[in-house]
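Worksheet for the structure shown next.
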Amino acid sequence: MWAYEKRLQYPVKITKTCPKTAQLIISQYGGPDGELSASMRYLAQRYSMPVKEVGGLLTDIGTEELAHMEIICAMVYQLTKHLTVEQAQEAGFDAYYIDHTAALWPQAAAGVPFTALEFQSKGDAIADLTEDLAAEQKARTVYDNLLRMITDPEVREPLKFLRTREIVHFQRFGEALEKTKDKLDPKNFYYFNPEFDKEMKDKSKFKL
């Protein structure tokens with residue numbers, strides 16, 4: 001007989017109900033720089049990436065971002081697990097409660113719902129990897145802001161772990177960008193789309 005135990009990449013054990021904190025953290029679920037948009041971005045970009053190793057990196061990081069989204073969802077769930085109507089009203093969590101009770105639903109801290117417009121898959125290796133670098137820095141900034149506002153150590157420790165992973169991902173994408181440029185025509189990859197215009201030599205054919 002096999003025993004199955006589901007574990008998060010980093011443990012989450014929050015014992016205090018705090019819908020106000022949940023309302024802030026949920027931005028890293030469905031906000032513009034959150035883990036859901038990160039996973040969708042990388043897992044979409046990987047298909048057309050011209051360098052195989054970089055496509056593999058996008059697969060690995062995109063998959064890890066799904067694990068990070070799970071951590072965020074666990075945090076929001078535990079922060080609202082024993083929520084009362086009175087607590088929701090006092091914390092300004094009442095609008096969310098009306099629509100979703102205490103269920104998980106992707107939105108930003110300001111209440112804006114998740115949309116596919118939160119991420120891009122451009123089909124241009126340099127454009128996509130540059131966006132990925134920016135995305136990791138923006139996510140790190142959000143974690144910085146959360147850590148400035150949140151004092152509960154049960155909440156801070158998972159956030160600190162997630163912040164560290166954003167830094168590591170930024171470093172990996174920086175390496176991936178250089179590896180991609182090394183394998184492309186140095187006269188082409190900034191001027192044309194290195195994924196689509198692979199055989200383009202005559203610049204006069206482009207009306208810029």
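The values are calculated or read from the model by the stated rules, or taken from the named source; none is laboratory data. These figures come from a predicted structure and were not determined experimentally. Note that each Cβ is placed from the backbone with ideal geometry, even for glycine, and that neighbours are counted across all protein chains shown. Ligands, DNA and RNA are stripped out before the accessible areas are found, and what is left, the full protein with its side chains, is counted by its heavy atoms. Shrake-Rupley method; radii C 1.70, N 1.55, O 1.52, S 1.80 Å.
Taking a probe of 1.4 angstrom, what is the accessible area of Asp197 in Å², to the nearest 10?
30
List the DSSP H helices in the chain whose Cα atoms stretch 18 Å or more along the helix axis and whose mean Kyte-Doolittle hydropathy is at least -0.5.
52-80, 125-149
Roughly speaking, to the nearest percent, how much of the chain's 1.4 Å accessible area is carbon and sulfur?
For the chain, the apolar C and S fraction of the accessible surface comes to 56 percent.
With unit charges on the beta carbons (Lys and Arg positive, Asp and Glu negative) and the dipole taken about the Cα centre of the stretch 1-115, which residue among Leu79, Val54, Ala44 sits farthest to the positive side?
Among Leu79, Val54, Ala44, the one farthest towards the positive end of the dipole of the stretch 1-115 is Val54.
Of [x] 7, 25, 26, 23, 15, 4, 0; [y] 9, 35, 35, 16, 5, 1; [z] 8, 31, 28, 18, 10, 4, 1, which is the value of P(r) over Cα pairs in 10 Å bins from 0, in percent derived from the coordinates here?
Read-out taken from this structure: [z].
Going through the cross-link list Lys13/Lys160; Lys138/Lys179; Lys52/Lys181, which pairs have a Cα-Cα distance over 19 Å in this structure?
Result: Lys138/Lys179 exceed 19 Å.
Give the residue list of chymotrypsin sites (Phe, Trp or Tyr not before Pro) in the stretch 1-100 that are DSSP loop and have at most 10 other beta-carbon atoms within 10 angstrom.
Answer by residue number: Trp2, Tyr4.
If exposed means no more than 10 neighbouring beta carbons inside 10 Å and the site is in a DSSP loop, what's the longest run of the chain without any exposed GluC sites (Glu not before Pro)? Numbers along the way, then the final one.
Details: sites that count: Glu5, Glu199.
My reading of the result: 6-198 is the longest stretch.
Please list, in order, the residues from the stretch 17-35 whose amide nitrogen is less than 15 Å from a point placed 7 Å along the Cα→Cβ vector of Glu154.
Hits in the stretch 17-35 for Glu154 at 15 Å: 17-22.
Using a ≥ b ≥ c from the Cα gyration tensor of the stretch 34-114 (square roots of the eigenvalues), is it rounded, prolate or oblate, where a/c under 1.5 gives rounded and otherwise the larger of a/b and b/c decides, a/b for prolate?
Judged from the Cα gyration tensor, the stretch 34-114 comes out prolate (a/c at least 1.5, a/b above b/c).
Report the accessible area of Ile98, computed with a 1.4 Å probe over the heavy atoms of all protein chains in place, in Å² rounded to the nearest 10.
Probe radius 1.4 Å; accessible area of Ile98 about 130 Å².
At 1.4 Å probe radius, can you tell me the per residue accessible area of the chain in Å²?
Heavy-atom accessible area per residue stands at 57 Å².
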